[in-house]
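Structure record follows, encoded as structure tokens.
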Amino acid sequence: MNSSSRQRRLTAAALTALAVATTATACGSGSGGSGANAADSGTYTIWDPYPQFDKGSAWAKLLDSCGTEAGVKIKRTAFDTSDLSNKALLAAQQDNSADVLIVDNPVVSTLAEAGVLTTTDDNKLDTSKVDPNLLAAGQSDAKTYGTPIGANTLALYYNKEVLKEAGVDIASVKDWKSLTAALQKVKKAGKKGVTFSAIGTEEGSFQFLPWFWGSGAKLTELDSAQGVSALSLWKDWLDKGYAPNSVINNTQTTSWQEFASGDYAFAENGTWQLANAEKAGFDYGVLPIPGADGGNASAPTGGEFVTVPVQGDTGRYATSQKLVTCLTSTDNLYDTDTTLSYVAPTSEVQDKQVAANAELKPWVDAVKAAKGRTSDELGTKYPKISEQMWKAVQSALSGSTSPKDALSAAQSAVK
């Protein structure tokens, strides 16, 4: 596209709030730095959302190693996840984009629509080995923008001792009916049922989505009978005391803290809690979230995409492609995703992860059933839908509106 039309698109995009929030892992403050394309053609810039990794980390060393392999020096800048999105838009307006940009997967469609990112047709990235459901988070209008570096998602952690005391066989939990029956037994045994996050932010939508999708509902029709059944499930759990009223204000962190007390049978949370689970002091297991009638429900994917922003000097793409290919190679993906507590985006590396740690098997299963929040060609429509979804969840769980009326109001607001 010509520079003037691109400038208009970027300006319009910059005025649009980047309301897609990240929920999978929390990052600290950025390491600072500004400017992207170095005047020195032998230096390539990489922006990432991992400020927790300093210059001496394995991640930083991998970036330098990939630079050496490509015959260039790497200038890396790490930002807080939300800050990175805005910085990327601003840099694109100034024709000063990074050579390689690593961003949270829901942001890809926003940046793509703004004209910030090249497609895989432009940059020649090979995504043939990536699981299609994970790649879909970076696709818009039949075009692919970048490749996932890894994925995390949601599942049900369970406390084996609590279930044993309640006489619940985890193998019996296969759908919503059997899960609810298990929660009933747990309550009768004097223990607590399930905790999750239903807070009025993207975290609340993120945690509700497996149940919404697991009902067979679609985000384009929030008030369908299936969607209402999902919200009614959560509401019934609160009404019967199977879930605490605190879920209305719970973040994923505070929800985990409740589970870590040892009193709860189940907690909906993500791969990023694995290290904390090991420290919890009780024997735990992990179960993919069941669909309404059985099978694994689709949970939303977290994790980042490695992308190649548009450059005025298109001759830089060849080296950028080498850098991305190096970062996402089988060996490097295994090491990086282990560090990030991510499930790899390719079956080849997933198999390697499970071979090294059999406890990752339920997480791999959950990721294989997962889907991107912006998939189904929703793209930049997702933030508005999500906001109305979490408002409906809050309204229904607080008792101010019925699940049906809450979702009807949400659907009307989206339209």
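The values are calculated or read from the model by the stated rules, or taken from the named source; none is laboratory data. Source: prediction; values computed, not measured. Using ideal geometry, Cβ is built from the backbone for each residue, glycine included, and neighbour counts are taken over all protein chains shown. Heavy atoms of the whole protein, side chains included, go into the accessibility calculation; ligands, DNA and RNA do not. Shrake-Rupley method; radii C 1.70, N 1.55, O 1.52, S 1.80 Å.
Name the residue farthest towards the positive end of the dipole of the chain from the options T147, W176, W237, assuming +1 on Cβ of Lys and Arg, -1 on Cβ of Asp and Glu, about the Cα centre.
Of the options given, the answer is W237.
Using the beta-carbon distance between K218 and A58 and R0 = 41 Å, what value does 1/(1 + (r/R0)^6) give for FRET efficiency, to the nearest 0.05?
Here the calculated transfer efficiency is 0.50.
Based on the alpha-carbon gyration tensor of segment 175-228 and its eigenvalue square roots a ≥ b ≥ c, which shape applies: rounded if a/c is under 1.5, prolate if not and a/b is larger than b/c, or oblate?
oblate
Round to the nearest 10 and report in Å² the accessible area of L101, as given by a 1.4 Å probe over the protein chains' heavy atoms.
0 Å²
Mind putting a number on the dipole of segment 172-276 about its Cα centre? Charges go on the C-beta only, +1 for Lys and Arg and -1 for Asp and Glu, and I need it in Debye to the nearest 20.
In debye, rounded to 20, segment 172-276 gives about 540.
What Kirkwood hydrodynamic radius, in Å, does segment 35-153 give when the mean of 1/r is taken over all pairs of distinct Cα atoms and then inverted?
Here the Kirkwood hydrodynamic radius works out to 15.1 Å.
Skipping prolines and chain starts, which residues have an amide H placed within reach, meaning under 5 Å, of the one on T144, given they are 5 or more residues away or on another chain?
Under 5 Å from the amide H of T144: T120, D121.
Provide the per-residue ³J(HN,Hα) series for segment 51-65, in order, calculated from phi with Karplus coefficients 6.51, -1.76, 1.60 and θ = phi - 60°, each as a whole number of Hz, with x at glycine and proline positions.
x, 6, 9, 8, 4, x, 6, 4, 5, 5, 5, 5, 4, 5, 5
Can you put R316, R76 in order of accessible area, largest first, using a 1.4 Å probe?
R76, R316
List the lysines whose Cα lies under 18 Å from the Cα of K164, skipping any in the same chain that are fewer than 8 positions away.
K174, K185, K187, K188, K191, K192
Quick one: putting +1 on the C-beta of Lys and Arg, -1 on the C-beta of Asp and Glu, what dipole do you get for the chain around its Cα centre, in Debye to the nearest 20? Intermediate values should be presented prior to the final figure.
On the way: 37 positive and 45 negative charges, 128 e Å.
Dipole magnitude for the chain comes out near 620 debye.
Which value, in debye to the nearest 20, describes the size of the charge dipole of segment 120-217 about its Cα centre when Lys and Arg Cβ atoms bear +1, Asp and Glu Cβ atoms bear -1, and nothing else is charged?
780 debye
Can you list residues whose amide H is under 5 Å from A299's amide H, if they're 5+ apart or on another chain and H is modeled 1.01 Å from N?
A370, K371
Rounded to the nearest whole Å³, what is the per residue volume of the convex hull around the Cα atoms of the chain?
Expressed per residue, the convex hull around the Cα atoms of the chain is 129 Å³.
Would you kindly state how much longer the chain becomes between S398 and N276 on full extension, computed as 0.36 nm times their sequence separation minus their alpha carbon distance, in nm to one decimal?
40.9 nm
Going by a ≥ b ≥ c, the root eigenvalues of the Cα gyration tensor, does segment 321-374 fall in the rounded group (a/c under 1.5), the prolate group (a/b larger than b/c) or the oblate group?
Oblate, because a/c is 1.5 or more while a/b does not exceed b/c.
If you roll a 1.4 angstrom probe over the protein chains with everything in place, what fraction of the accessible area of the chain belongs to carbon and sulfur, to the nearest %?
C and S fraction of accessible area: 48 percent.
For segment 135-152, just list the computed ³J(HN,Hα) in residue order, Karplus coefficients 6.51, -1.76 and 1.60, θ = phi - 60°, integers in Hz, with x standing in for Gly and Pro.
Using θ = phi - 60°, the values come out as 5, 4, 5, x, 10, 8, 6, 6, 10, 10, 10, x, 9, x, 8, x, 9, 10 Hz.
Would you mind giving the average projected area, over all directions, of the Cα convex hull of segment 250-400 in nm² with one decimal?
Orientation-averaged projected area of the Cα hull: 12.6 nm².
From the phi of every residue in segment 312-319, what ³J(HN,Hα) in whole Hz does the Karplus formula 6.51 cos²θ - 1.76 cosθ + 1.60 yield, where θ is phi - 60° and glycine or proline is x?
Coupling constants for segment 312-319: x, 9, 5, x, 7, 4, 4, 6 Hz.
Heads up, I need the accessible area for K381: 1.4 angstrom probe, whole protein in place, Å², nearest 10.
So the heavy atoms of K381 present about 130 Å² to solvent.
I'd like the Kirkwood hydrodynamic radius of segment 172-311, using the inverse of the mean 1/r over distinct C-alpha pairs, in Å.
Result for segment 172-311 stands at 15.9 Å.
Just by accessible area at a 1.4 angstrom probe, what is the order of Y382, Y317 from largest to smallest?
Highest to lowest solvent-accessible surface, that is Y317, Y382.
Once both labels are modelled 7 Å past Cα along the beta-carbon direction, what's the S178-K240 spacing in nm?
Computed distance between label sites S178 and K240 equals 1.6 nm.
Go through P383, T336, L287 and say which Cα lies farthest out towards the positive end of the charge dipole of segment 251-401; charges sit on Cβ, +1 for Lys and Arg, -1 for Asp and Glu.
P383
Picking from I46, S57, A114, whose Cα lies most toward the positive end of the charge dipole for the chain (charges on Cβ: Lys, Arg +1; Asp, Glu -1)?
A114
Would you kindly state how much longer the chain becomes between D83 and K129 on full extension, computed as 0.36 nm times their sequence separation minus their alpha carbon distance, in nm to one decimal? Intermediate values should be presented prior to the final figure.
Details: separation 46, 0.36 × 46 = 16.56 nm, distance 3.06 nm.
Between D83 and K129, full extension yields an extra 13.5 nm.
Just to confirm, what accessible area per residue do you get for the chain at 1.4 Å probe, in whole Å²?
40 Å²
Please work out how much accessible surface S178 shows to a 1.4 Å probe, ignoring ligands, DNA and RNA, in Å² rounded to 10.
30 Å²
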